[in-house]
Structures are given as structure tokens and as C-alpha cells.
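This report refers to the structure that appears directly beneath it.
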Amino acid sequence: MDGVPADVGAAACSAFLVAPFVCIVDKSIISNASGRKPLWQSIKDSFKELLVRPHVFLRRPEFAWIFSLYGLTYLTANLTDSICEVKSVDKTIPKFLTTSSVNLTVCIAKDRAFTRMFGVVSPKPLPFATYA
């Protein structure tokens, strides 16, 4: 498993490059849907902060959620590839199952957090059946 550091590094770099843009879009959609801020105004404000005060933008919880979502998904895909290669196993099904499980779990948690951060009404309990 000599490739683990490369798997981790590639996942982190990929997530870091993608996360700011996905974060801006995701935050803007939630803010617009809740009536908190119009979509294009939210996108404009977020891009302005990213360009003018990147140190502030990159420390925001919404960025951490998106970075975690993509980083963990990429890391899972990379590690699954490496493990399947070492074990001489076809990676198609294991990669699909592992990345889907990680992505769905973190995405549900992220959506819950975004709703709490950017919604304008108090959050309502999520029915247990939606977690299945």
C-alpha cells in the first residue's frame, strides 16, 4: 500500500480545487430557496469574498463541509482503487459501493448543516425513513 500517501494527496488537492466553486453554488441555492438572499447576489458576494478575503472564505464551515464531502469521496475512490489493485480484484462494484456509501452519508449530513446555516425558518426533524 505504498500509494496511500499519493491517494490522500490527490484527494485533498482535487477537493481543494473543486470545493470553493461547489460551495458557492450550493450555498447560493440554499440561501435563495429559503428566501434569505437572491441566487445571483449570493453567488456574487461569495465570489467577492473568495477573491478579496480567501483566508476568511476557506475557514467557513460551509467550505469545510464541501471540502470534506469531495475529499472523502475522492479518498474513498482512490483507496478502493489501490486496494483492489493490490488484491487483483475488479474495482467496478467495490468502488461504486464504497464511494456511493461515503458520498450519500456525508451529503445528507452536509445538506442538513447547510439548511441549519442558511435557512430562515427553524429546522424541522427529518423523518427517520429518509436516512434509509
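The values are calculated or read from the model by the stated rules, or taken from the named source; none is laboratory data. Source: prediction; values computed, not measured. Methodologically, a virtual Cβ is constructed for each residue, glycine included, from the backbone with ideal geometry; neighbour enumeration extends over all protein chains shown. Accessible surface areas use protein heavy atoms only, side chains included; no ligands, DNA or RNA. Shrake-Rupley method; radii C 1.70, N 1.55, O 1.52, S 1.80 Å.
Using alpha carbons only, how many degrees (0 to 90, rounded to 10) separate the axis of helix 92-118 from the longest principal axis of the chain?
20 degrees
First measure r as the distance between the Cβ atoms of residue 4 and residue 104, then evaluate 1/(1 + (r/R0)^6) with R0 = 30 Å and state the FRET efficiency to the nearest 0.05.
0.80
Let me know the number of lysine pairs in the chain closer than 18 Å at the Cα, not counting same-chain pairs under 8 apart.
Step by step, the pairs that qualify in the chain add up to 7.
Based only on Cα atoms, what Rg/Rh ratio does the chain have, Rh being taken as Kirkwood's radius?
With Rh from the inverse mean 1/r over Cα pairs, Rg/Rh is 1.05.
What number comes out for the charge environment of residue 76, summing +1 per Lys or Arg and -1 per Asp or Glu over other residues with Cβ under 13 Å away?
Taking every other residue near residue 76 into account, the sum is 0.
Taking Cα pairs under 8 Å and at least six residues apart, what relative contact order does the chain come out at, in percent?
Relative contact order for the chain comes out at 32 percent.
Compare the Cα positions of 64, 16, 38 along the charge dipole of the chain (+1 at Cβ of Lys, Arg; -1 at Cβ of Asp, Glu; about the Cα centre) and return the one farthest towards the positive end.
38
Grab the other residues whose beta carbon is less than 15 angstrom from that of residue 21, score K and R as +1, D and E as -1, and report the net.
0
Which trypsin sites (Lys or Arg not before Pro) from the stretch 1-75 combine a DSSP loop assignment with at most 10 other Cβ atoms within 10 Å?
In loop regions of the stretch 1-75 (DSSP not H, G, I, E or B), the sparsely surrounded trypsin sites (Lys or Arg not before Pro) are 59.
Could you work out how much longer the chain between residue 33 and residue 116 gets when fully extended? Use 0.36 nm per residue separation minus the Cα distance between them, nm to one decimal.
So the chain would gain 28.6 nm between residue 33 and residue 116.
Quote the charge dipole size of the stretch 53-132 about the Cα centre in Debye, to the nearest 20; the model charges only the Cβ of Lys and Arg (+1) and of Asp and Glu (-1).
380 debye
Ignoring ligands, DNA and RNA, what percent of the accessible area of the stretch 1-127 is carbon or sulfur (1.4 Å)?
68 percent
Compute the accessible area per residue over the stretch 1-49, keeping the other protein chains in place, probe 1.4 Å, unit Å².
Result: 59 Å² per residue.
Have a look at 107, 13, 23 and tell me which one the Gaussian network model of the chain (Cα, springs below 10 Å) gives the largest fluctuation.
Largest GNM mean-square fluctuation: 13.
Given the rule -39500 (n - 2.57) for each run of at least 4 DSSP H residues, summed and divided by the residues of the chain, what is its mean residue ellipticity at 222 nm, to the nearest 500 deg cm²/dmol?
-27000 deg cm²/dmol
May I ask for the net charge around residue 48, where only other residues with Cβ less than 14 Å from the Cβ of residue 48 are counted and Lys, Arg are +1 while Asp, Glu are -1?
Here the count lands on +3.
Subtract the Cα-Cα distance of residue 87 and residue 60 from 0.36 nm times their separation in residues, and report this length gain in nm to one decimal.
5.7 nm
Relative contact order of the stretch 1-58: what whole-number percent is it, with Cα pairs under 8 angstrom and at least 6 residues apart?
The normalised contact order for the stretch 1-58 reaches 23 percent.
If the elastic network links every pair of Cα atoms under 10 Å, which of 25, 56, 120 fluctuates the most in the Gaussian network model of the chain?
Looking only at 25, 56, 120, the largest GNM fluctuation is found for 56.
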